[in-house]
Each structure stands twice: as structure tokens, then as C-alpha cells.
Amino acid sequence: MAKILAVGEVANGVPKKATREITSVGKALGGVDTIVFGTNTASGAAEVAKHGADTVYTAEIADYNGEAYARAVAKLVKEKGYDTVLIPHSWTGRDVSARVATLLDSAVISDAVELSMDGDKIKIRKPVYSGKAFVNLKSKCAIQVVTVRPNSQPIKENAGAGKVETVAVDTTTSKAKQVSFTAQKSNRVSLTEADIVVSGGRGIKGPENFPLIEGLADILGAGVGATRAVVDAGWCDHTLQVGQTGQTVSPTLYIAVGISGAIQHMAGMGSSKYIVAINKDADAPIFKVSTYGIVDDLFAVVPPLQEELKGLLGK
Ligand SMILES: Cc1cc2nc3c(=O)[nH]c(=O)nc-3n(C[C@H](O)[C@H](O)[C@H](O)COP(=O)(O)OP(=O)(O)OC[C@H]3O[C@@H](n4cnc5c(N)ncnc54)[C@H](O)[C@@H]3O)c2cc1C
């Protein structure tokens, strides 16, 4: 059986959704301990234990520091004898996982969407070729380091022992440090954690129409995404880009508005459970992966859809 350490984050005492997910999957694989970085981590420890952690290591640190996170994880792995490290496939997780693997003389298997035990190793299923195929992989390294796609694992309540230990994080030897932090002025759910995502493509014609996408998202309590075409044109912030060179999302519902469905875009949203596309071109590739499609002018569809949803949802 693998000895698993999950690496998570807690902000102001609240564990991130991806932290709950990797702890839940670690428990399902046979047992897990979780290290959480962030602020007010002691308050978040009980919540993490609910999802299966036998030991929650709390690492209090206000500012993200990939080098320091990785050193703390690698030290813990060596001291306690973990042979498996699970990390969310988030912006920070991608950074930390590479550093952890280097420090442990290992290699990362990235973006797992399914994990199961195969002997004493984990069998990992992950998408390749922009989501057109899947491969099953097993690490040959003594310590396997795996990143797990956010929203790909069910969150379960299956409590672990919940022992809490404090871990020191040393930033003094880090070669980079955070000099400023600007929080986004948005109350919306984060794109990678959202259960519903509404994304806009070049079909919206210009930045003046992006509020149409945001309005639909707000009615649904959804995250907002965009294609690279929209981001490159400066119609919205670049952090909203979904796709091969943007963020990977895996929501229950993905609504693609005025998006053609280029392979590079689908690489970032193809694993969504239900895809609804609104496009006036019936031959647009997005319809090949859509659960439901509306072939029409988005400007004729989205406003009445918003009104209908407001009524249904009492907003
Ligand atoms: C190396 C590389 C990496 C890339 N990475 C990414 C990435 O990460 N993410 C990404 O998204 N792209 C990426 N791209 C770009 C990608 O190839 C496409 O160019 C891009 O996704 C197209 O965006 P779009 O669907 O918004 O625009 P278009 O392809 O122009 O599609 C617009 C769609 O809107 C429809 N439309 C127009 N008007 C209306 C209307 N009134 N009502 C309804 N529908 C309408 C059209 O029928 C069309 O299907 C990458 C490309 C390369 C080469």
C-alpha cells in the first residue's frame, strides 16, 4: 500500500476545494496525511481531517513561496517515509510539484483525472493530445509525485484520525520572494474550482459584450472563462483563458458562448461533465463535444436565457 502525503492550501482557515479533493482521493486509495500551507491553518485542519487525513501538518505562511513549500514537503517525505505525493494541478501546484520532484530525485506525472491502486503503486489515467486520448501510467520512481486535475475527484466525508502537527516553513534561503499581491476585485467563484463555467469566444464581437457572459455567469453562480482569441484581443483578463495554454477546468456544466471549439480550447475544458454550446454555425467543432447545442445568434439567445434563469432561480 502506498504511503500518501497530500499537499494542500488553506486561506484564512478555509481549505481550498482542491485540497479536499486530493485528501478524499488519498483516503480512497488507502489512507492519507495532508500538509496545508497558508493562513490560519490550525482552524482549517479539522475540516481537512473530515475528508480523511490521519495527520494534518499545518504550515503557516502568508505569502506563496514555491521554493519554501517544496523544501517543507520534501523534508517531510524524507523524515516520515512517504512514497507518494499528491498535489492539485493548479497554478501553484504545478510550480510546487516540479520543485518537489527535483528535491526527491523523482519525476512528476501531471494532470491525473483517475487514480487507483495497482500493487504498491498508483495507476494514473490522464488526458493526452489535448484530450483526444487517455493514457494509463505508473511511476517508476521510488517516490511518485502526481498532480491531480481540480474538480476531477469527488469530495467525500470519510474522517481520518485528524492528528495535528505544526511544520516550519523556511523562506530565508529562497531565491525569489513575493514583493506585492493584488487580489482580483471579484466575488465570483474561482474558475478552476467552479462547478459551472460560462465562457465567451470571439462570437461576442467585442469587449462591450463581455458583460453578457459575466451576467449569465452571475445568475448561475458560475466562474467566467474565455478563449485565447478573446484574451489576446484584450476583451477580458488573461487569467480567464481556458485551454492548452490557459487554465484547465473540469466543471459539471460548461457553457460555451460564441466559441468555435478549437482543439487548443477543448484541451482545457473537454473533461467537463456537460457541455452546452451556443453558436450560429451548425458545423462548429464545439458541437461535436457538446451535450446540448443551440444553433443561433448568441445575442438573440443569451438575454432571454438570462431572464428565464432569473425566474427559475428566483433572482
Ligand atoms: C500553440 C497554441 C495554443 C493555443 N492555446 C489556446 C488556449 O489555451 N485556449 C484557447 O481558447 N485557444 C488557444 N489557441 C487558439 C485556438 O487555436 C483558437 O484560435 C481559439 O480558441 C479560437 O477562439 P474562439 O473560439 O473564440 O474564436 P473563433 O475560432 O473565431 O470562433 C468564434 C465562433 O463564434 C461563432 N459566432 C460568431 N458570431 C456569433 C454569434 N453572433 N452568435 C453565435 N455564435 C457566433 C462563430 O461561428 C465561431 O464558431 C491556441 C493556439 C495555438 C496555436
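The values are calculated or read from the model by the stated rules, or taken from the named source; none is laboratory data. Values in this document were obtained by computation on a predicted structure and should not be read as measured data. When we count neighbours, we look across all protein chains shown, and the Cβ atoms used for this are built from the backbone with ideal geometry, even at glycine.
Per-residue answers, yes or no, for (1) surrounded by fewer than 18 Cβ atoms within 10 Å (Cβ to Cβ); (2) modelled with pLDDT of 95 or more; (3) closer than 27 Å to Asp195 by Cα:
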| site | (1), (2), (3) |
| --- | --- |
| Val100 | no, yes, no |
| Ile109 | no, yes, yes |
| Leu115 | no, yes, yes |
| Val128 | yes, no, yes |
| Ser152 | no, no, yes |
| Gly160 | no, no, yes |
| Thr166 | yes, yes, no |
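Pairs linking a residue in region 41-58 that is within 14 Å of Ile22 (Cα to Cα) to a residue that is acidic (Asp, Glu) and part of a loop (DSSP other than H, G, I, E, B), with Cβ atoms under 6 Å and 6 or more positions apart or on different chains, are Lys50/Glu157. When Asp120, Asp95 are screened for being out of contact with any Leu (no Cβ under 9 Å at 6 or more places or on another chain) and modelled with pLDDT under 95, only Asp120 passes.
Residues being among the aromatic types (Phe, Trp, Tyr) and surrounded by 24 or more Cβ atoms within 10 Å (Cβ to Cβ) are represented in region 35-52 by at least one member.
All conditions in (1) over 21 Å from Leu104 (Cα atoms); (2) touching a Ser or Thr at 6+ places or on another chain (Cβ under 9 Å) hold for Ser139, with the sole exception of (1).
Filtered by the rule that a residue be under 15 Å from Gly261 (Cα atoms) and surrounded by fewer than 16 Cβ atoms within 10 Å (Cβ to Cβ), region 277-315 gives Lys280, Asp281, Ala282, Asp283, Lys288, Thr291, Tyr292, Val295.
Return the only residue of Ala45, Ala59 being assigned by TED's automatic domain parsing to the domain that holds Gln153, touching a strand residue (DSSP E or B) at 6+ places or on another chain (Cβ under 9 Å), under 19 Å from Lys156 (Cβ atoms) and among the aliphatic types (A, V, I, L, M).
Values: Ala59 fails: under 19 Å from Lys156 (Cβ atoms).
Step by step, each of Ala45, Ala59 is checked, and only Ala45 is assigned by TED's automatic domain parsing to the domain that holds Gln153, touching a strand residue (DSSP E or B) at 6+ places or on another chain (Cβ under 9 Å), under 19 Å from Lys156 (Cβ atoms) and among the aliphatic types (A, V, I, L, M).
Every condition in (1) farther than 30 Å from Val56 by Cβ; (2) surrounded by fewer than 16 Cβ atoms within 10 Å (Cβ to Cβ); (3) among the hydrophobic types (A, V, I, L, M, F, W, C) holds for Ile213 except the one numbered (2).
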